[in-house]
Amino acid sequence: MKVKKVNIAAILINTILIVLINSCGMQNSPLSSDFQVPKIRTVAQWYVDTLTQNKLTKINFKEYDKTGKLLHSENYSNDGILKSQSDFSYDNNAKFEAVTFFGSAGQVDSSYKLTHILNNNGKVEKETKTSSKGDTLTCKVFDYDNKGNVVKETIINYSENVKSETKYSYVYNNNGYLNERITNLEPDGKYSVRDSLTYTNDKLTSIKVFTFNSSGSIQTISTYSYNTYGFILYESIFDISGKILKKIKYEYTYY
């Protein structure tokens, strides 16, 4: 089996925030709050007009049960058309995800299943993807540090007979908050991608994320603001000149 190192072009910002807050799918933040935090029932993400804040198209929708387990999720195209949906079920230390993809006319195009095996801390330690015919397509294995952060992701692609590895390292500030996540850091200092986080004030009312390429140049700057419960309210993405590229609004319902 061939072994290669993955050169990731970009890291999903939501992923690094999940690492930051050590949560499983919920959009909590490290921001302090004097309120009793409610339990999220649904959360929807919308592209909004960067000037008027009016909603344009839906991006994503998620539904949780009262214990915080994800039950259902939907992903939409830039035109607001449903692209895929996932339905989740649970059994002891396993989470099962049935994924369905749709065509532009709403017809079912394809589907597959994911089986997530969880460790004692509720983190995914193994993920297996199977086709609608029951064939195993890929297998992912995750290694964690003592803070619960992913330090290595190993992927086996059975159809291509390829094994790949992605390694992550983390840097924290003096307050213990995540400062950077670096992908595939080499002994000579080279890396694939580096994400740097800054906190705009001591009260931690917002977070700014810088995404660097392997040459050390900033690619995008993302800022996050939060509601009184510490959940993400707005996500704004800028280019290096400060021009806003897109803005995303998060809407919640609670139990």
| note | Checked Thr154, Thr183, Thr223 against criteria (closer than 28 Å to Leu56 by Cβ and among the β-branched types (Val, Ile, Thr)); the one match is Thr223
| said: Testing Lys152 on (1) within 30 Å of Ser236 (Cα to Cα); (2) surrounded by 14 or more Cβ atoms within 10 Å (Cβ to Cβ), one condition comes back false. Which one is that? | reply: (2)
| remark: Ser89 passes all but one of the listed conditions (1) under 21 Å from Asn157 (Cβ atoms); (2) in a strand (DSSP E or B); the exception is number (1)
| query | Restricting attention to segment 59-86, and to residues there that are in a strand (DSSP E or B) and in contact (Cβ under 8 Å) with a residue 40 or more places away in the chain, which single residue is farthest from Val37 (Cα to Cα)? | reply | Ile59
| request: Would you check if there is a residue in segment 199-209 being surrounded by fewer than 17 Cβ atoms within 10 Å (Cβ to Cβ) and outside any loop (DSSP other than H, G, I, E, B)? | output: yes
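Filter segment 47-97 for residues that are among the polar types (S, T, N, Q) and more than 28 Å from Lys246 (Cα to Cα) and give the result. Steps first, answer last, please.
Initially, segment 47-97 is screened for residues among the polar types (S, T, N, Q), giving 50, 52-54, 57, 60, 67, 73, 75, 77-78, 84-86, 89, 92-93.
Within segment 47-97, Thr67, Ser89, Asn92, Asn93 qualify.
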| Qualifying positions in segment 92-127 - hydroxyl-bearing (Ser, Thr, Tyr) and part of a strand (DSSP E or B) | Thr100, Ser110, Ser111, Tyr112, Thr115
| Residues Lys129, Lys140, Lys133, Lys113: which one is without any contact (Cβ under 8 Å) to a residue 12 or more places away in the chain and within 21 Å of Ser159 (Cβ to Cβ)? | Lys133
| field | Contacts under 8 angstrom Cβ, first residue in segment 215-229 being part of a loop (DSSP other than H, G, I, E, B), partner at pLDDT 85 or above and surrounded by fewer than 16 Cβ atoms within 10 Å (Cβ to Cβ), 6 or more apart | value | Ser217/Ile240; Tyr229/Val37; Tyr229/Pro38
| query | Can you find a residue in segment 163-174 that is more than 17 Å from the chain's Cα centre (by Cα), farther than 24 Å from Ser217 by Cβ and part of a loop (DSSP other than H, G, I, E, B)? | reply | yes
| said: I'm checking my understanding of the structure. Among residues of segment 17-43 that are crowded, with 18+ Cβ neighbours inside 10 Å and modelled with pLDDT of 95 or more, which one is farthest from Ser225 (Cα to Cα)? | reply: Ile40
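The values are calculated or read from the model by the stated rules, or taken from the named source; none is laboratory data. Treat the numbers as computed from the prediction; the structure is a model and nothing was measured. As a convention, Cβ positions derive from the backbone with ideal geometry for all residues, glycine included, and neighbour counts pool all protein chains shown.
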